[in-house]
Amino acid sequence: MHRLIRVLEATDPELALHSNRTADLASHVAVEMDMAPEVVERVGIAGRIHDIGKLFISRDILDKPGAPTDREWVELRRHPRIGFDLIRSKVPTAVAKIVLTHHERYDGTGYPNRIKGSEIPVEARVLQVADAFDAITSRRPYQPALPVSYAVAELRRCAGTQFDPGAVEAIVALVHKRGRLHGTSVEDDALKGEVAV
């Protein structure tokens, strides 16, 4: 496990930073949801390696400033399966399954297996919300870092379709308790209504 993290840090430091932020946030969300300590631990472990499959995706696709083409999306969507295949003999089965399923959607339209709701491990549902929050609030090749208020509105808009509603409400509760995450202030007036990407 530690070797996998070191490989990720050495190969793609930015991806490693995203993974660490996502893991920490997902662990806090799991605690907010009163999950058992062993579940919180699995969330944290999986979070640190959830995108390791991206090391085998073309940098041209990962660093592209615009939206991926249909063909590029097919390639990008391979990363959970690649990651699972890479780590499944090196980590507990439950952790490998979280990595495999972290892009499944609550409504069953995700990937790679189009499972839905409670079929998706709860740890993966928590990780997905934290992953999306960090992606929205961090600079990416295709977008600048967006405000926490935008992230909160987007997660709420997608609760019940892309995201587990309970995990969304837990991260929103965390944002309000802390007043800020990732150093960005929450603006209450921006939380009203829906925001589209």
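The values are calculated or read from the model by the stated rules, or taken from the named source; none is laboratory data. In this text the structure is predicted, and so the values were computed from the model without any measurement. We place every Cβ from the backbone using ideal geometry, glycine too, and count neighbours over all the protein chains shown. The area values use the complete protein model at the heavy-atom level, side chains included, leaving out ligands, DNA and RNA. Shrake-Rupley method; radii C 1.70, N 1.55, O 1.52, S 1.80 Å.
List of remarks:
- Max mean-square fluctuation residue, GNM over the chain, Cα-Cα springs under 10 Å, options HIS28, HIS176, HIS103: HIS176
- Taking every protein chain into account, the accessible area of region 1-152 amounts to 49 square angstrom per residue (probe 1.4 Å).
- Peptide packing: for 149-160, 109-120, 66-77, the average count of neighbouring Cβ atoms within 10 Å per residue gives the ranking 149-160, 109-120, 66-77, highest mean first.
- Choice from THR161, THR93, THR22 showing the highest fluctuation, given a GNM over the chain with Cα pairs closer than 10 Å: THR93
- In the chain, lysine pairs with alpha-carbon atoms under 30 angstrom apart (chain gap of 8 or more, or interchain): 11
- Checking [x] 1, 8, 16, 21, 22, 17, 10, 3, 1, 0; [y] 1, 7, 8, 7, 6, 6, 6, 5, 5, 4, 4, 4, 4, 4, 4, 3, 3, 3, 3, 3, 2, 2, 2, 1, 1, 1, 1, 0, 0; [z] 1, 7, 13, 16, 18, 17, 12, 9, 5, 2, 0 against the coordinates, the calculated P(r) over Cα pairs in 5 Å bins from 0, in percent falls under label [x].
- Normalised contact order of region 1-136, rounded percent, pairs of Cα under 8 Å and 6 or more residues apart: 26
- When the chain is treated as a Gaussian network with alpha carbon springs shorter than 10 Å, the biggest mean-square fluctuation among ASP60, ASP24, ASP107 belongs to ASP60.
- Counting only protein heavy atoms and a probe of 1.4 Å, the accessible surface of the chain is 52% carbon and sulfur.
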